Amino acid sequence: MTIYTKYADIPFNEVDISPFNKAYIQYMMRGIHHGIENVNARVEVILLNGQLIPYSVKDGGKNASWIHSFTGQYIDEMISEVNRMEMPNIVRSLAHQLLNVGRTVLGLTGEKTVTVFPSFMSTTMYEDFQFDQLQEITRILVARFPKHAIIYRTLNDKFHQYKMKQLDDVGYEAMISRAIYIFDPDDKHTKNERKDLKKDMKRFEKSGLTFTNEIRDDEFHQLMPLYKQVYLDKYSDFNPHYTEAFFKFLYKEMELTWFILKDNERIVSFMGVSQTANVLFPAYFGMDQSVKGLYFMTSGLLYHFAKEHGYKINNSAGAKDYKLARGSRPYLEYHYVYYKHLKLIPFLSYALFTKVATPLGKFLLEKLQFK
């Protein structure tokens, strides 16, 4: 077993198993903040029995994107959501008070985490063999980072039931994340669900827009404003702050499938789709919100592609009504946290979230998001 902190030192000739693109490992180790400005984490790798195991280290800090911060996800992002929602002032005030309590509890953890197999996406897509050396990986990381919780992010009860059991057996605890929506072409779909998907394709066919999966070098500057319109301006500043250079890197170096809609030469929507085995994940998305029906058309193309090839779609969270209407089904997503080695205060802080907040969150999400 060897730990590498510099990309140039990694002996790739000794690596037998690795799901990672070398260019992405190099990018992460150089500093992921070059591509996602509100994520600060150093990335190291373990070479263990021929397997390369990247992990990202967060040493505290605030104002970080929710994709790499518990405070960002559970507090800052939720505050943005509460402020957007229509509700009586007394309910809003109570929600803010509860979130402030949550901020205090999370603050006591120190926000020191080590994320294994970091993707720096809202959803991490796992291969089965990434869990083959789980116990030894955990032992190594606990020894190297005795003040940090060890994290596996975004496992769900559709695809990862066995992996969650493996984590549970080693001593990880489930921390509720969110409700997500998964499309499976093998599910029984109603007549209305099939009809709505057909409507989305007909809308595209009548729109006059054109589809391509290619982006020219002189077009990348169009992507950032489209992403910003949806995720930063409309939703939350705690969504990832991507750079134009990062999108160009993803397009040139990563094996993503791109769905690009154009109005003549102007890009009006884009979607970068990651794939693991037979599961698709729309990882990067942006659109011109002034174009009516654009979300339906772009997503409709993704659903059509999935049905045509027999792929499932991990549709992540949000847009609940649309996704349910097209035949996606709701599932719960969890982070798994190992914190048994921590001192008393951070241990108790994580225990409150895993033993109290997780059962309550599961109950509420099933009540609010599953119908």
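The values are calculated or read from the model by the stated rules, or taken from the named source; none is laboratory data. Owing to the predicted nature of the structure, the values given are computational and were not obtained by experimental measurement. Ideal geometry is used to build each Cβ from the backbone, glycine not excepted, and the neighbour counts take in all protein chains shown. For accessibility, only protein heavy atoms count, side chains too; no ligands or nucleic acids. Shrake-Rupley method; radii C 1.70, N 1.55, O 1.52, S 1.80 Å.
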| Isotropic mean projected area of the C-alpha convex hull, region 182-330 (nm²) | 8.8
| message | At 1.4 Å probe radius, can you tell me the per residue accessible area of the chain in Å²? | response | 47
| query | Label points 7 Å out from Cα along the Cβ direction at residue 14 and residue 157: separation in nm? | reply | 4.2
| query | GluC sites (Glu not before Pro) within region 4-102: which are DSSP loop residues with at most 11 other Cβ atoms inside 10 Å? | reply | 86
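What does the charge dipole of region 244-323 about its Cα centre add up to, to the nearest 20 debye, if the Cβ of each Lys and Arg holds +1 and the Cβ of each Asp and Glu holds -1?
Approximately 200 debye in magnitude.
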| field | Cut-off 16 Å, label 7 Å out along Cα→Cβ of residue 2, residues of region 35-52 by amide N | value | 44-52
| Got a sec? Charge dipole of region 182-330, +1 on Cβ for Lys and Arg, -1 for Asp and Glu; which of 278, 226, 215 is way out at the positive end? | 278
| query | Under unit Cβ charges (Lys, Arg +1; Asp, Glu -1), what dipole magnitude, rounded to 20 debye, does region 31-164 have relative to its Cα centre? | reply | 360
| task | Report the far tail of the P(r) of the chain, meaning the percent of Cα-Cα pairs longer than 34 Å. | result | 28
| field | Per principal axis, descending, Cα span of region 270-371 in whole Å | value | 52, 29, 28
| remark: A correct Stokes-Einstein calculation for region 1-110, using the alpha-carbon Kirkwood radius, 4 °C and 1.567 mPa s, returns a whole-number D in µm² s⁻¹ of 79
| request: Would you list, by chain and number, the aspartates and glutamates whose Cα falls below 14 Å from the Cα of residue 58, excluding same-chain residues fewer than 8 positions away? | output: 44, 111
| said: Filter 158/198; 307/355; 163/292; 6/362; 228/323 down to the pairs with a C-alpha to C-alpha distance above 32 Å, please. | reply: 307/355; 163/292; 6/362
| Inter-label distance for residue 218 and residue 324, nm, one decimal - labels placed 7 Å from Cα along Cα-to-Cβ | 4.7
| note | For 88-99, 166-177, ranked highest to lowest by mean beta-carbon neighbours within 10 Å, the order is 166-177, 88-99
| List the trypsin sites (Lys or Arg not before Pro) in region 101-182 that DSSP assigns to loop (not H, G, I, E or B) and whose Cβ has at most 16 other Cβ atoms within 10 Å. Which are they? | 147
| field | Residue-span extension gain [residue 89 to residue 351] - 0.36 nm each, minus C-alpha spacing | value | 91.2 nm
| request: Summarise the accessible area of the chain (1.4 Å probe, protein heavy atoms) by the percent that is carbon and sulfur. | output: 52
| task | Can you bin region 322-371 into rounded, prolate or oblate? Criterion: square roots of the alpha carbon gyration tensor eigenvalues sorted a ≥ b ≥ c, rounded for a/c under 1.5, prolate for a/b above b/c, oblate for the rest. | result | prolate
